[in-house]
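Student: Here it is, the structure, as structure tokens.
The values are calculated or read from the model by the stated rules, or taken from the named source; none is laboratory data. Just so it is clear, the model here is predicted, and its values are computed rather than measured. Note that each Cβ is placed from the backbone with ideal geometry, even for glycine, and that neighbours are counted across all protein chains shown. When the accessible area is computed, the model is the full protein with side chains, heavy atoms only, and any ligands, DNA or RNA have been set aside. Shrake-Rupley method; radii C 1.70, N 1.55, O 1.52, S 1.80 Å.
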Amino acid sequence: MTQTEGLPARRNINRGTLFFFGALGGILFGYDLGVISGVLLFIKKIWNLDAVQQGFVNGALAAGAIIGALLVIKLADSLGRRRTIIVAATVFALGTVGCTFAPSFEVLVAFRFIVGVAVGASSATVPTYLAELAPGKVRGMLSSLNQLMIVSGILIAYIVDDILADSANWRAMIAAAIIPAVILLVGMLRMPESPRWLLKNGREDEAREVLSSTLQGQGVEAEFDEIKEIIRLDGQQAKGTLKDLTAKWARPALVVALILAVGQQFSGVNAVNTYAPIMFNNLGFGAAASLLAAVVLGIVKVLFTVGEMFVVDRWGRRPLLQVGGLLMAVTLIVLGLCVSFIKDTGVIGPITLVLLILFLAGYELGWGAVVWVMIGEVFPLRVRGIGTGTASVVLWAATFTITFVFPVMYTNLGLAGAAWIFAAVCIVLVLLVTRFVPETKGRTLEQIELELRERVNV
């Protein structure tokens, strides 16, 4: 392997283009999470789907994502971050074609599983790729691009669903996902590999060149030396193992990542993302109005994610998690009370929309982007690929649990009961963040790791 293998021929890497395409994988994640909410409105009638079958349609994506994230545990370190994202984009496009032409419920579930494999691989790799590219002072903002892409994908899906609602063309709703997949695939063919992965694999000239581009020529040698020092501390064991994750020096990072991964999904956000149109429909909105309400929620998600990007490196990660968690808990408690005591559908529908807007504002300020930022930055270099992969497996397992169980929960407990359960989870999450999650703003990945090693005397 030569020193220049894998680096695009063009030597001047545009910084904005670099981060845009690095984060574009989030659109694939977001679009498929969002589009199914509109699709379900139509296929549940066409194929006469019950609550469990609807859970399978939604849960298939998360189940596949678990497998995709498991594969990344090996691929992200051996194949590289960039190539892993390229493979994921290819699989995503093929799976989307299968979903578009699915002749039955069972075939749709099978291809949703395949799409999920790609989404899981992408979601496990993109945070690491962005964190390893971004300068420490703005890493929170740039890593938050991943969440901005996710919520943008959800919003695009809601808009497409709304546009196609009158025609009930659910196949076209799904097919539109091919466009971002192709853009990502073409874009990543021109992007460089992560400088930290390159240096860890002995490709120093390429690593220095990428660092020079992302840091705009400032502090390149200092950061280059910091990365080399971490590699020296790792010694001959440059590639981590699952056993390393539970070692004394890496265990605190694993605990933080697991709290964030489980908490993001158990907060109930994907119950809103995937079932909002159905919930509004049940509260008295027509199909078109339900999809329009979902578009409003999508716009809120994008706006508050943009807001988070501008404060995450000033306010810090932990305060945003705490404030966001409290806002989600309060709005869910109030939602449960309103649904329980207000029976007028002309009143409860708009109230529910307002409360869900506040819930999503809290989520996007805290548990949306911040979770992906921290999962990409808390793990030491030796286990970063395997650590983010493991965290993503757990996150997708939690996603599967929520998307599969929520239709049954909603049918048996009602919206109020489900809201109160999620509110209790949000309160617990605030307590866990206060106890276990450190602040990481403004520091390079190497400084975070060195402080971790100092705390555990390694």
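Student: For region 112-128, take each phi angle, set θ = phi - 60°, evaluate the Karplus expression 6.51 cos²θ - 1.76 cosθ + 1.60, and give the result in whole Hz per residue in order, putting x for glycine and proline.
Tutor: Once rounded to whole Hz, the list reads 4, 5, 5, 4, x, 4, 5, 5, x, 5, 5, 5, 7, 9, 4, x, 5.
Student: Tabulate in residue order the Karplus-calculated ³J(HN,Hα) for region 159-175, using 6.51 cos²θ - 1.76 cosθ + 1.60 with θ = phi - 60°, rounded to whole Hz; enter x for Gly and Pro.
Tutor: With the stated coefficients, region 159-175 comes to 5, 4, 4, 5, 4, 8, 4, 5, 7, 6, 8, 5, 5, 5, 4, 6, 4 Hz.
Student: With a cut-off of at most 16 other beta carbons within 10 Å, and DSSP calling the residue loop, which chymotrypsin sites (Phe, Trp or Tyr not before Pro) in region 75-181 qualify? Please list them.
Tutor: Details: sites: 92, 101, 105, 111, 113, 129, 158, 170; in loops: 101.
Answer by residue number: 101.
Student: How much of the accessible area of the chain, probe 1.4 Å, is carbon plus sulfur, in whole percent? Please report the intermediate quantities before stating the final value.
Tutor: Details: 11220 of 16460 Å².
Here carbon and sulfur together make up 68 percent of the probe-accessible area.
Student: Angle, helix 25-46 long axis vs. longest principal axis of the chain, Cα atoms, 0 to 90°, nearest 10?
Tutor: For helix 25-46, the angle is close to 20 degrees.
Student: Also: Looking at the square roots a ≥ b ≥ c of the eigenvalues of the Cα gyration tensor of region 299-356, which shape do they give, rounded for a/c under 1.5, prolate if a/b is larger than b/c, or oblate?
Tutor: Judged from the Cα gyration tensor, region 299-356 comes out oblate (a/c at least 1.5, b/c at or above a/b).
Student: Still on this structure, please answer the following. Hey, got a sec? Which GluC sites (Glu not before Pro) in region 366-458 land in a DSSP loop and have at most 14 other Cβ atoms within 10 Å?
Tutor: Filter output for region 366-458: 439.
Student: Sticking with this one: From the Cα gyration tensor of region 358-419, with a ≥ b ≥ c the square roots of its eigenvalues, which class applies: rounded if a/c is under 1.5, or else prolate if a/b is larger than b/c, or else oblate?
Tutor: Cα axes put region 358-419 in the oblate bin.
Student: Report, in degrees rounded to the nearest 10, the 0 to 90 angle that the Cα long axis of helix 81-100 makes with the longest principal axis of the chain.
Tutor: 20
Student: So, for the chain, what is the accessible surface per residue at a probe of 1.4 Å, expressed in square angstrom?
Tutor: Details: 16460 Å² over 458 residues.
Normalised by residue count, the accessible surface of the chain is 36 Å².
Student: Please determine, in degrees from 0 to 90 and to the nearest 10, the orientation of helix 384-436 with respect to the longest principal axis defined by the Cα atoms of the chain, where the helix direction is its Cα long axis.
Tutor: 10
Student: Please enumerate, by chain and number, the lysines with C-alpha under 19 Å from the C-alpha of residue 243, excluding those fewer than 8 residues away in the same chain.
Tutor: 74
Student: I've got another one for you. Could you tell me what fraction of 2.2 N^0.38 Å the Cα radius of gyration of the chain comes to, as a two-decimal ratio?
Tutor: For the chain, the normalised Cα radius of gyration comes out at 0.95.
Student: Also: What net charge is computed for the residues neighbouring residue 273, neighbours being all others with C-beta under 14 Å from the C-beta of residue 273, Lys and Arg scored +1, Asp and Glu -1?
Tutor: Charge balance near residue 273 sits at -2.
Student: Follow-up question, since we're still on this one. In whole Hz, what ³J(HN,Hα) sequence does region 179-192 give by Karplus (6.51, -1.76, 1.60; θ = phi - 60°), x for Gly and Pro?
Tutor: The phi angles translate into 4, x, 5, 5, 4, 4, 4, 5, x, 5, 5, 9, 8, x Hz.
Student: Can you give the Kirkwood hydrodynamic radius for region 335-458, in Å, rounded to one decimal and based on Cα pairs?
Tutor: This gives a value of 17.5 Å.
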